[in-house]
Amino acid sequence: MGATGVGKTDFSLSLARRLSTVIVSADARQVYREMKIGTAPPDEQQLATVPHYFIGTHSIHEHYSAGKYESDALALLEKLFVSHPAVLLVGGSGLYIDAVCYGMDNFPETDSSLRTILAERLQTEGIESLRLQLKQLDATSYHALDLKNPHRIMRALEVCLSTGKPYSGWKTGVMKKRAFEIIKIGLQRPREELYARINARTLRMTGDGLLEEAEKLYPHRNLTALKTVGYTELFDYLDGKTTLEKAVQLIRQHTRNYAKKQLSYWSRYDDIRWLEAGEPDLLEQALSAIQISSPPPTQSA
């Protein structure tokens, strides 16, 4: 795990080759096949080097949640552990990582049409309208959730309105036990270095056609999957609300803000071994942390 832009993809490939294993993605946006540039998924060459799972496997038109990911990922891991003593879970989505490590509460199925209505309300009325409704229906969730995160607000409202029961009433907080050992490794870099990498990656994305990708996705901009940094800013540009230069500047800023949130999310855990991503012996440090005798690298590696 680690903040966006820290270098998880390249390092996980090296580690997977040393362990002769596969990579299971824990990224809530790389799962969508239509978002090939803005979510910075592994490229075709990287995907061909090491088998990956949950990269481009779903459409933005499908509702996919952390709860569904938990079920799918555990079923996959059960199969993978038959032939692999270790499997790499790689990503920056804290909720998806927690889903595999600890499990999600068993929320009920909700009406997809309600999800669409809430997304449209977010677009036309703004997030404050949804916040106020959540405060009326579930004050506990209102005070507990990140009120700047529209996904969390809409999800809580969706459950409240579908079930007639507060979202907080479905949360048990009970951690599920897993049949496998979990070893957590976090990658980190000095803040200035991380921010420089984020800025450079944003520039690469724009050069690779991020705007053109956003133009293709613009008709579907109200979908929850597209309420994502890199797309929302360009949708505002396409709506005439800002300039392209300002939109790119905001992508950089919002990505840096997201990186801060990721690190804050993981600060609650004391079982993560944090390693400096720029260290020359990073691979050996990770192998030592995993405490698995990895096979020697092949000639091609």
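Structure notes:
- Every pair of residues 6+ apart whose Cβ atoms lie under 7 Å, when the first sits in the range 1-20 and is farther than 15 Å from residue 198 by Cβ while the second is of a type in the set (Ser, Thr, Tyr): 13/49; 18/294; 19/294
- The range 6-47, subset assigned to a loop (DSSP other than H, G, I, E, B) and over 15 Å from the mean Cα position of the chain (by Cα), residue farthest from residue 184 (Cα to Cα): 34
- Which listed residue, of 225, 247, 259, is at pLDDT 95 or above, part of a helix (DSSP H, G or I), among the small types (Gly, Ala, Ser) and within 19 Å of the chain's Cα centre (by Cα): 259
- Residues in the range 180-215 that are without any contact (Cβ under 8 Å) to a residue 12 or more places away in the chain and outside any helix (DSSP H, G or I): 181, 190.
- In the range 48-65, residue surrounded by the fewest Cβ atoms within 10 Å (Cβ to Cβ) [restricted to those that are in a loop (DSSP other than H, G, I, E, B) and aromatic (Phe, Trp, Tyr)]: 64
- Out of 37, 55, sole residue that is more than 20 Å from residue 286 (Cα to Cα), out of contact with any Ser or Thr (no Cβ under 7 Å at 6 or more places or on another chain) and of a type outside the set (Gly, Ala, Ser): 37
- Within the range 262-275, considering residues that are among the polar types (S, T, N, Q) and not in a loop (DSSP other than H, G, I, E, B), the one farthest from the chain's Cα centre (by Cα): 264
- Among the residues making up the range 72-102, those that are in contact with a helix residue (DSSP H, G or I) (Cβ under 7 Å, 6 or more places away or on another chain) and small (Gly, Ala, Ser) are 73, 86, 91, 92, 94, 99.
The values are calculated or read from the model by the stated rules, or taken from the named source; none is laboratory data. Fair warning: this is a prediction, and the values are worked out from it, not measured in the lab. Here the Cβ is made from the backbone with ideal geometry for all residues, glycine too, and neighbour counts use every protein chain on show.
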